[in-house]
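Participant: Take a look at this one; I'll ask things after.
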Amino acid sequence: MDHLVEQPDSHPTTLITGLRCIDFSGPLEFCYMSHSQKERKFPSSQVSLPRRPTRGPLDIGETPIPLPSPTSTGPSLPHQPSSLLSPTTSQFMTPRLASPTPGSNLSLLTSPSFRTAHSTLSTQSPSRSPSLAPSKNFSFLLRPEIYHPLTLLDVPPPFRVSALQPDPSTSLPDLVSSGNFRSAAIKAAQLLTSEDLSPSLPADIATIFELIYTRLSCLTLCGQTALAAQEVKALEDLNSSYYRDEEGRHLVPWELRVLAVRLQGMGFNDARRGVMGYYELAREARLTLTSLKKSRSSMSTPGETNEALENEIEFWSTRLQELGIRVASALVEMEDLEGAARFLSTLSPPSDNSASASTLATQKALLFLCLGDVEAARSAISISAGEESEKKVILALAHMADSDFSSAVEIWEDLISSSFSPSELPMYRQNLGVCFLYLGRMEEARDILEALVEEGSSFHALTFNLSTIYELCTERSRALKIGLAEKIAGMGSKGEKANGDFKL
């Protein structure tokens, strides 16, 4: 529809209609004209075309054509070779067809004159034809611009030597197991952006999500959590139906979904998003548990037990309890300490005496220590059926939280003398050195931590606390910290280090 404005008689005006320009002068008589009226008003020739006769539904003498229902697929016309239009006709235009005669039924017409233009689209719904259903395509996760490059600026100078860098041909599992998390993150990004992966094949889709999980977790472990929080945005909403297969199963591994909840909350600068994400996962876990328990109760024989079903129920119960711990941890990161303490008090202790139940009780006690509720931490570990060594560790940490370092020293020395775990012994000795530090026994604390370095230990807490002792002992602390980094690098330490490990 063209809206025309009246102009003075003395000025020629140009009227633009579509792609044509018409020059005329004189006052305009109409503000709205149909296409045929405009052709008669401003003809290109003096001969006007006669109006074509058309008929509508009201002109048909018999019953009007019924409107198709929303669920119907339309009238089925017989497919004959004569129904195809000439190949010279444009596929983007529907040719003008003659109007039907009165009383004709379009659903029964067999003449080619009343058929629509040939279409390459299938008339069958994809949901009704599994073979034609579109496959999932995750090519949007393989774009190179998603994954940020990792520089060597955060790596201490002694560790930048090429001889200390892992071999580029090292496999990704070997990099992860050896503690080279920075190199593993780079390797995962290289594999994701290579041309070896097909974003639509089911096997490659599983590999894509495994690589993304390795990439994000390794970035978190090597101190690049900010980069991981930006890269995880590419996953968008993992609760979308696009991430599920035809049977409703989720295509993304559970571990990646749990990690993405925390990182997306940080990336979008919305801590509440993380808490809500954990609740969404908990709802799914609860529904799965309910379904499994119904299957167990519907078994034919009352005394019959299905070991696989019982293991699945225990597996999902543990997942649900772990989500509760993660919600409390998210509240601590939000600095909502009161809400975290109130939430932890609502978590019921595990009913079984499994190893996972003991681990959950220890995690709950550690969260209470972070909140400063020492008595709640002691209570959480007292009702647990875990190992005595785990209970002693919590009790020693509780004494340190109460500034009772003498009692903590006794527990740590008892653990060191009775420990049969080579992997736990360095942690016990490191905590003993920290207690000596707070008791003013600086030289003893330094000797213990330096002895651990000489024996080949170089975990983050050890190097960080030893660097702190150097800062307290001398003004030449930077030279001592660089010397410590050089010593660990020269020993061929397992894993990569960052500047934060030595407070550089």
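Participant: Can you name every one of the helices (runs of 4 or more DSSP H) wholly within segment 381-469 that holds 2 or more residues which are surrounded by 20 or more Cβ atoms within 10 Å (Cβ to Cβ) and under 37 Å from the mean Cα position of the chain (by Cα)?
Facilitator: 388-401, 425-438
Residue by residue, here is whether (1) closer than 28 Å to S356 by Cβ; (2) of a type in the set (V, I, T) holds:
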{"residue": "S407", "(1), (2)": "no, no"}
{"residue": "E410", "(1), (2)": "no, no"}
{"residue": "S423", "(1), (2)": "yes, no"}
{"residue": "V434", "(1), (2)": "no, yes"}
{"residue": "H460", "(1), (2)": "yes, no"}
{"residue": "F464", "(1), (2)": "no, no"}
{"residue": "L472", "(1), (2)": "no, no"}
{"residue": "R476", "(1), (2)": "no, no"}
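Participant: While we're here: Inspect all residues belonging to segment 493-501 and state whether any of them is of a type in the set (G, A, S), open to solvent by 50 Å² or more (accessible area, probe 1.4 Å) and in a helix (DSSP H, G or I).
Facilitator: Just the residues of segment 493-501 that are of a type in the set (G, A, S), to begin with: 493, 495, 498, 500.
Within this subset, residues satisfying the condition of being open to solvent by 50 Å² or more (accessible area, probe 1.4 Å) are none.
Scanning segment 493-501 turns up no residue that is of a type in the set (G, A, S), open to solvent by 50 Å² or more (accessible area, probe 1.4 Å) and in a helix (DSSP H, G or I).
Participant: Same structure again: Can G265 be described as surrounded by 15 or more Cβ atoms within 10 Å (Cβ to Cβ), in a helix (DSSP H, G or I) and free of Cβ contacts under 8 Å to residues at least 24 places away in the same chain?
Facilitator: For G265, the condition - surrounded by 15 or more Cβ atoms within 10 Å (Cβ to Cβ), in a helix (DSSP H, G or I) and free of Cβ contacts under 8 Å to residues at least 24 places away in the same chain - is not met.
Participant: Tell me whether segment 273-289 contains one or more residues that are crowded, with 17+ Cβ neighbours inside 10 Å and among the acidic types (D, E).
Facilitator: Yes, there is a match, as at least one residue in segment 273-289 is crowded, with 17+ Cβ neighbours inside 10 Å and among the acidic types (D, E).
Participant: Here is a further query. Report yes if T318 is on the phi < 0 side of the Ramachandran plot, among the β-branched types (V, I, T), exposed (fewer than 14 other Cβ atoms within 10 Å of the Cβ) and modelled with pLDDT of 90 or more, otherwise no. Lay out the reasoning, then the answer.
Facilitator: Details: on the phi < 0 side of the Ramachandran plot: yes; among the β-branched types (V, I, T): yes; exposed (fewer than 14 other Cβ atoms within 10 Å of the Cβ): no; modelled with pLDDT of 90 or more: yes.
No.
Participant: Tally up the residues in segment 232-257 that are closer than 27 Å to K497 by Cα and either open to solvent by less than 10 Å² (accessible area, probe 1.4 Å) or assigned to a loop (DSSP other than H, G, I, E, B) (or both), please.
Facilitator: Looking only at that region, the number is 2.
Participant: Would you say A229 is in a helix (DSSP H, G or I) and within 30 Å of A461 (Cβ to Cβ)? Spell out the reasoning first.
Facilitator: Values: in a helix (DSSP H, G or I): yes; within 30 Å of A461 (Cβ to Cβ): yes.
So A229 fits the description; yes.
Participant: Please indicate, with yes or no, whether at least one residue in segment 204-212 is under 22 Å from the mean Cα position of the chain (by Cα), crowded, with 20+ Cβ neighbours inside 10 Å and over 23 Å from F138 (Cβ atoms).
Facilitator: Within segment 204-212, not a single residue is under 22 Å from the mean Cα position of the chain (by Cα), crowded, with 20+ Cβ neighbours inside 10 Å and over 23 Å from F138 (Cβ atoms).
Participant: Out of everything in segment 133-152 that is open to solvent by less than 30 Å² (accessible area, probe 1.4 Å) and outside any loop (DSSP other than H, G, I, E, B), what residue ends up being nearest to Q165 (Cα to Cα)?
Facilitator: Restricting to residues being open to solvent by less than 30 Å² (accessible area, probe 1.4 Å) and outside any loop (DSSP other than H, G, I, E, B), the top hit is I146.
So that you can scan it fast, the table gives a plain yes or no per residue for (1) over 40 Å from the mean Cα position of the chain (by Cα); (2) among the hydrophobic types (A, V, I, L, M, F, W, C):
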position: L472; (1), (2): yes, yes
position: S477; (1), (2): yes, no
position: K481; (1), (2): no, no
position: G495; (1), (2): no, no
position: A498; (1), (2): no, yes
position: K503; (1), (2): no, no
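Participant: Determine which single condition I186 fails, assuming it passes every other condition in (1) open to solvent by 30 Å² or more (accessible area, probe 1.4 Å); (2) among the aliphatic types (A, V, I, L, M); (3) closer than 17 Å to R262 by Cα.
Facilitator: The single condition I186 does not satisfy is (3).
Participant: Test A489 against the criterion of being assigned to a helix (DSSP H, G or I), at pLDDT 90 or above and hydrophobic (A, V, I, L, M, F, W, C), and give yes or no.
Facilitator: On the way: assigned to a helix (DSSP H, G or I): yes; at pLDDT 90 or above: no; hydrophobic (A, V, I, L, M, F, W, C): yes.
The answer is no for A489.
Participant: When the residues of segment 216-230 are filtered to those that are open to solvent by less than 10 Å² (accessible area, probe 1.4 Å) and either of a type in the set (G, A, S) or touching a Lys or Arg at 6+ places or on another chain (Cβ under 9 Å) (or both), which remaining residue is nearest to Y147 (Cα to Cα)? Walk me through how you get there before you give the answer.
Facilitator: Step one: filter segment 216-230 for residues open to solvent by less than 10 Å² (accessible area, probe 1.4 Å), giving 216, 218-219, 228-229.
Within this subset, residues satisfying the condition of being either of a type in the set (G, A, S) or touching a Lys or Arg at 6+ places or on another chain (Cβ under 9 Å) (or both) are 218-219, 228-229.
Details: C218: 13, L219: 11, A228: 9, A229: 11 Å.
So, considering only residues that are open to solvent by less than 10 Å² (accessible area, probe 1.4 Å) and either of a type in the set (G, A, S) or touching a Lys or Arg at 6+ places or on another chain (Cβ under 9 Å) (or both), the one nearest to Y147 (Cα to Cα) is A228.
Participant: Restricting to segment 153-170, and then to whatever is open to solvent by 60 Å² or more (accessible area, probe 1.4 Å) and assigned to a helix (DSSP H, G or I), can you tell me which residue is modelled with the highest pLDDT?
Facilitator: Here the residue is P157.
The values are calculated or read from the model by the stated rules, or taken from the named source; none is laboratory data. None of these values were measured; they are calculated from a predicted model. A quick note on method: Cβ atoms are made from the backbone with ideal geometry, for glycine too, and the neighbour counts reach across all protein chains shown. These accessible areas exclude ligands, DNA and RNA; they are computed on the full protein's heavy atoms, side chains included. Shrake-Rupley method; radii C 1.70, N 1.55, O 1.52, S 1.80 Å.
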